[in-house]
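Comments concern the structure below.
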Amino acid sequence: MAKVKTCYACSDCGATYSKWQGQCHSCGNWNTLEEEIVHKPKSKAEESTALALSLETTKSKPLKLSQIQASEQERLDMGDVELNRVLGGGLVQGSFILLGGEPGIGKSTLILQTVLRLNSRTLYISGEESYNQIKMRGERLGLLHDECFIYTETNLERILHTAVSLEPKLLVIDSIQTIQTESSDSSAGSIVQIRECANLLLKYSKTSGVPVILIGHINKEGSIAGPKILEHTVDVVLQFDGDKHYMYRILRANKNRFGSTNELGIYEMQQNGLRAVENPSEHLISRERANLSGIAIAVAMEGARPFLIETQALVSSAVYATPQRSATGYDLKRMNMLLAVLEKRAGFKLIQKDVFLNIAGGIKIADPSTDLAIISAVLSSSLDLAIPEGVCLAGEVGLSGEVRPISRIEQRILEAERIGFKAIIVPQDNLKSFTPKKEGGIRVVGVRSVDETFRLIFRKSN
Ligand code: TYD
Ligand code: MG
C-alpha cells in the first residue's frame, strides 16, 4: 500500500514544513503548525475530475506579445452599481474571486441577492445552509429567480461534475472552508483542503471561462483564515466589513487584477437584504446635531469617491491618573499624534483629559485628510464651542502643526458644495494649483497651520 504522506502546515499563513516546530518561520506565529495529510494515493475520483475538466487537452505555447490576440475582456454586469464598481466595471469572464468577511456580516446575502438578480444561469453551492434556509432567505430578499440553481453539496468532485454538465455563467462557492476534495484526507477547512479545492476550482474556471466566486471566513486577526494562501491564487480579493451593530457595510477590493483597489462600495443592511448606498454623504452626517460642540465634518476620500463624514470627539476631565484615550473607526496612534500636536503647537493642555473619538456610522477611516476635522472636533469639545454650521474641513496635519496639501481637492470641494455646505477649510498650498470659483457656490478658505484654523473657526466666539 502506498504510504500516506503528511506535512505540518501553519494555520495562519499556510506555510508548510516537513517537521513540526514551535514557531512558523514564515509568519512568526507560535503553535500554529498542524499535521496534515498531503497525499493520498491517486483515486478514481481524482482521475475523473481531471477527465471532466479535460485538463490534459488544454496546452498553451509560448507567444510573442505581438502575436497575442488582445480582446477586450468581456464583463458580466452584476446588476449592482457598487459591486460593479469595486470589481472594476463588472465581472470578467473566467475570473477567480475571493470574498472574505466576518461570519454574519452579510456575505451570503450579498452574493445570493446578486445571483438572483442576474439574468443568466448561475450555480450557487452552499455548504453551510440547507435548501430550506436558502429558500427562506430568497423569499426574504423578495427575489426568487428561476435561472439560479442552488446545490447544497460539500464534495468538490460532485460540485465540478454538476458545474460541467449544467454550464452556468457563474459559479458561487459558499464557503470554501466547507468544501472537501476526495484527493486529500484532511478535514474540510484545513490548509491542504482549501489549497487543493481552490486549485481544482481555478483550473475549472480557467478552462471553462466561468467566473467563480469563493466565499471565505475571516479569522480573529482579520485576515482571511487559511485562505490567506489563496490570496495569490485568486484574481480579485474582496473584503466585506463593517460594524455588525451598525447597518453600514463596506465592500472593498484588496487586490484586483482587472481594476483599481481604491474603489469602495457602501451598503446598508435592511429587512429585505442589502441596499446600495449611492449617496453616502447624506447618510453619514446629521443636520440636527450640527450646532453641538465636539462635532466636525470631514471630507474624506475613498478611492475616487469623496464623501462627507462626521467626526465626533468628547474631551472630559480624567478620572484616573493616566487619562483614557480611545478611538473608534480611527487609528489610535494617529489620534495620539494629533493630540500631541494640539498640545505642543497650539498650546492646549490635554494631559488631565480623557479623549474619546468616534467616526459616525461605524465607518473606519484611514484617509489622512480627516486630520484637520479630528483635531477641530477635539478642540471644539474641549472648549465646548460648536463649529459654525455649514463648515467642513479637509487637510492633513503635520508634526509641526502645519496643514499639508491633500489629493483631489476639486472633487472634495464639489462634493461639499453638492451637499449644501457654505464653507470648506482646505490647505493653503492646495490653492496654488487650483482657483476656486469666485461667485456663488461654496466659500473655499485656505489655511497654513492648525493655529490659523482654530482662529478662523472659533473667531466669533473668542
Ligand atoms: P449572512 O449573509 O448570513 O452572513 P455571512 O454569510 O457573512 O455569514 O447575513 C447575516 C445577517 O444579515 C443576519 O444576521 C441577518 C441579517 N439580514 C438582514 O438584516 N436582512 C436580510 O434581508 C437578510 C437576508 C439578512
Ligand atoms: Mg454565509
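The numbers here are math on the coordinates, done by the rules we state, and not lab data. None of the values given here were measured: they were computed from a predicted structure. Every residue, glycine among them, receives a Cβ derived from its backbone with ideal geometry; neighbour counts consider all protein chains shown.
Quick notes on this one:
- Remark: the range 371-462 carries a charge dipole of roughly 300 debye about the Cα centre, counting +1 on each Lys and Arg Cβ and -1 on each Asp and Glu Cβ.
- Point-to-point label distance, residue 366-residue 155, nm (Cα→Cβ direction, 7 Å offset): 4.3
- A crude spin-label estimate for the pair residue 279 and residue 404, with each label 7 Å from Cα along the Cβ direction, gives 3.5 nm.
- Sequence-distant residues sharing a close amide H with residue 75 (under 5 Å, placed H): none
- For the residue pairs 5/169; 64/169; 107/203, the C-alpha atoms sit more than 29 angstrom apart in 5/169; 64/169.
- Summed side-chain charge close to residue 33 - residues other than residue 33 whose Cβ falls under 12 Å, Lys, Arg +1, Asp, Glu -1: -3
- Start at zero, step by 10 Å, and the Cα-Cα distances of the range 397-462 spread as 20, 49, 29, 2 percent across the bins.
- If only the Cβ of Lys and Arg carry +1 and only the Cβ of Asp and Glu carry -1, the dipole of the chain around its Cα centre is close to 1000 debye.
- Residue-wise HN-Hα coupling along the range 422-428, computed from phi with Karplus coefficients 6.51, -1.76, 1.60 (Hz; x: Gly, Pro): 8, 9, 10, 9, 10, x, 4
- The orientation-averaged projected area of the convex hull spanned by the Cα atoms of the range 251-367 comes to 10.1 nm².
- Separation of alpha-carbon centers, the range 356-421 and the range 252-326, rounded to whole Å: 11
- Look at where the Cα atoms of the range 147-212 and of the range 84-117 average out, and the two centres are 16 Å apart.
- Karplus-derived HN-Hα couplings along the range 4-20 (A = 6.51, B = -1.76, C = 1.60, θ = phi - 60°), whole Hz, x at Gly and Pro: 7, 9, 10, 9, 10, 10, 7, 6, 8, 10, x, 5, 10, 9, 7, 10, 6
- Projecting the Cα atoms of 230, 181, 251 onto the charge dipole of the range 134-255, computed from C-beta unit charges around the Cα centre, puts 251 farthest toward the positive end.
- Scanning residues 5 or more positions from residue 102 or on other chains, those with amide H under 5 Å from its amide H are 218, with H placed 1.01 Å from N in the peptide plane.
- Loop GluC sites (Glu not before Pro), the range 407-441 (other Cβ atoms within 10 Å of the site Cβ: 14 or fewer; DSSP): 439
- The H on the amide N of residue 149, modeled in the peptide plane, is under 5 Å from the matching H of 122, 123, 124, each at least 5 residues off or on a different chain.
- Karplus-based coupling profile of the range 182-194, in residue order and whole Hz: 6, 6, 10, 8, 5, 7, 4, x, 7, 4, 4, 4, 4, with θ = phi - 60° in 6.51 cos²θ - 1.76 cosθ + 1.60 and x standing for Gly or Pro.
- Principal semi-axes in Å for the range 352-449 [√(5λ), Cα gyration tensor, largest first]: 23, 16, 13
- Taking the average, over residues, of other Cβ atoms within 10 Å as the packing measure, peptides 156-169, 80-93 rank 80-93, 156-169 from highest down.
- Derived from the Cα gyration tensor, the three semi-axes of the equivalent ellipsoid of the range 378-424 are 21, 19, 5 Å, largest first.
- Applying the criteria of a DSSP loop state and at most 13 other Cβ atoms within 10 Å to the GluC sites (Glu not before Pro) of the range 249-318 yields 278, 288.
- Sequence-distant contacts, meaning Cα pairs under 8 Å at least 6 residues apart, place the relative contact order of the chain at 12 percent.
- Dipole of the chain, positive direction: furthest Cα of 24, 296, 193, with charges on the beta-carbon: 296
- As a rough footprinting exposure proxy, the listed residues 455, 252 were ranked by other beta carbons within 10 Å of their own, and the order from fewest upward is 455, 252.
- In the range 318-351, chymotrypsin sites (Phe, Trp or Tyr not before Pro) in a DSSP loop with at most 15 other beta-carbon atoms within 10 Å: 320
- In the range 143-287, the ratio of gyration radius to Kirkwood radius, Rg to Rh, stands at 1.01 when only Cα atoms are counted.
- With eigenvalues of the C-alpha gyration tensor scaled by 5 and rooted, the range 325-382, Å: 19, 12, 10
- Over the chain: Rg over Rh, Cα atoms, Kirkwood Rh: 1.05
- Neighbour-count ranking [beta-carbon atoms within 10 angstrom, fewest first] of 152, 435, 109: 435, 152, 109
- Once the Cβ-Cβ distance of residue 443 and residue 257 is raised to the sixth power relative to R0 = 41 Å, the FRET efficiency obtained is 0.40.
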